[in-house]
Structures are given as C-alpha cells and as structure tokens.
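Q: Before anything else, here's the structure in question.
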Amino acid sequence: MRHLCIALHDVAPATWPQCAALLGMLDAFGAPPLTLLVVPDWHGSGRIDASPEFIAALERRRARGDEIALHGYFHRDDAPAPRTPAAHLRRRVLTAGEGEFADLSCDVAEARLRQGLDLFERLGWKVQGFVPPAWLAGTGTRRALQRVGLRWTSTHTALIDLARERRIAAPCLTASPRSAWRRAASRAWLHAASRITRDAPLVRVGLHPGDADHVELMACWRDVLAPLLAARGPLTKSSALEMAAGQLECAA
C-alpha cells in the first residue's frame, strides 16, 4: 500500500489561528494522523509554555493520534551573514531568512536542540523527530543530530532514519504563499507534483500557516488532498519510519 505523511509546519501560539483553519480542513477529510512541527519560541515572541490554551489544544491533538516534532527553536536565521551569493540566495531569498539551522556550529546547534527537547519533555512530550526550518541543516546541525538521540529528521525529498543512517525517499508537496506569483506557481506545481509522484511508495505534504490566508490556495489543497487520501494510507512520520524499518527487517 502507498502511504502519505502530512506535516503542519510552524506550529506556535502566534500561528495557531491559521493552523486551526488548516486542521479544520484536514479533519473534514476524516482526521488523518498528522505530524505537528512545533516551534518552541516562534521568532522570539514567547515560549509555548506561556500559553496554556495552546498547550491544551496540542494535548487534544495528541490524544487523537497526532505526533509532535521539534521544528527549530526560534525559526529565525540569526547566524552570521552568508558569505557567498549562493548562500545568500538560499538563506535570505528563497527561505526569507528563516533557515535557523542552516549555518550553526555543532555546539550551538546541539545546545539549541537540547533546549527545545528539554522544554518539550517538561510538557510531557517525548518527541522522536526534528525538522529544520526551511529544511536547511548545515554540517554542524547534522553532526549535532547524532548527539542528541533523536530518531529521525527530514529533508525536502527524504525522511532520514538517524539511528540506521538510512535515507527513505519521500518527496514533499508544499506551497509558497508569500506573493501572488508564488501562489500561482504553487497551485500549478501541486497539481503537477501529485501526478509526478503518483507511484511513489511514500509521499509527504507540508502545510504552512500562511496557506490558510488565501482562499485559492486552500481550494487547491482540497483538490490535491482528496485523491491523495483516497489512494494512500496516512501515517505520522514516526509511523512511516517504523513501517520502513519493518520492511527492511523482513527483506533481511
């Protein structure tokens, strides 16, 4: 059976109204299990544990089968300025300066990962995965991930089993809502990508709070998600990793 992982990015108190709109859309499709990518202190606006309403909302989502993963700490690139045109394009233009873990040293990345994981543990959330903001993880971050005991991470094209050092192909359908031309291009891309990835064993969908601000983009997501959910079994990322590990053991 082919499978689908749906992740909601940038989950934080400041983005929760938009997240709630996206969750409502998904719940209308039968409430498939989701991976919620939670930012501990979104853009330095305040830690999530200062919002009891937000914590209660996430506890309700956990109770219904969603999982929580760590998604950066601030979701803001505060590392030294890029030194090359290519790095500037990647960190400042394509990702709007949100690739927090794109260029951190190993020690800084490890400290920030542990800070987020410790906060989650105090809330009773034992998380297994980490997704770097904008999927940008520099060499220091990749080394730090080996130190902190997380089970998985992901790139734009794959789910990474950190313990087994195994890459599981999993293309991601996502949109960019930042401008009118990006939204138009995203709608065309989403329809094309859903056809291109039709035979892939595992496909991911990455939703962002900004998607909820645009009626035409939400309509596009409904059109894309309906056939995906009809044809594929939805899984959290951790469940997809368990399934892949089981298949590997059977093959051995």
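Values quoted throughout were computed directly from the atomic coordinates according to the rules given, and no laboratory measurement underlies them. These numbers come from a predicted model, not from an experiment. Here Cβ is always computed from backbone atoms with ideal geometry, including for glycine, and neighbour counts include all displayed protein chains.
Q: Between a residue in region 192-208 that is touching a residue at least 40 places away in the same chain (Cβ under 8 Å) and over 22 Å from CYS19 (Cβ atoms) and any residue that is aliphatic (A, V, I, L, M) and in a loop (DSSP other than H, G, I, E, B), which pairs come within a Cβ distance under 9 Å, given they are 6 or more apart or on different chains?
A: ALA200/ALA170; PRO201/MET1; PRO201/ALA170; LEU202/ALA170
Q: Among the numbered criteria (1) over 21 Å from the mean Cα position of the chain (by Cα); (2) under 20 Å from LEU159 (Cβ atoms), which single criterion is violated by PRO227?
A: (2)
Q: Looking only at residues that are over 19 Å from ASP10 (Cα atoms) and out of contact with any helix residue (DSSP H, G or I) (no Cβ under 6 Å at 6 or more places or on another chain) in region 122-149, which one is surrounded by the most Cβ atoms within 10 Å (Cβ to Cβ)?
A: Filtering first and then ranking leaves LEU145.
Q: I would also like to ask the following. State which residue pairs qualify: first residue under 21 Å from ALA240 (Cβ atoms) and inside region 1-29, second residue part of a loop (DSSP other than H, G, I, E, B) and among the small types (Gly, Ala, Ser) in any location, beta carbons under 7 Å apart, and separation of 6 or more residues or different chains.
A: Cβ pairs passing all conditions: CYS5/ALA170.
Q: Considering only region 181-189, I want to know if a residue exists there that is assigned to a loop (DSSP other than H, G, I, E, B) and under 20 Å from GLY99 (Cβ atoms).
A: Scanning region 181-189 turns up no residue that is assigned to a loop (DSSP other than H, G, I, E, B) and under 20 Å from GLY99 (Cβ atoms).
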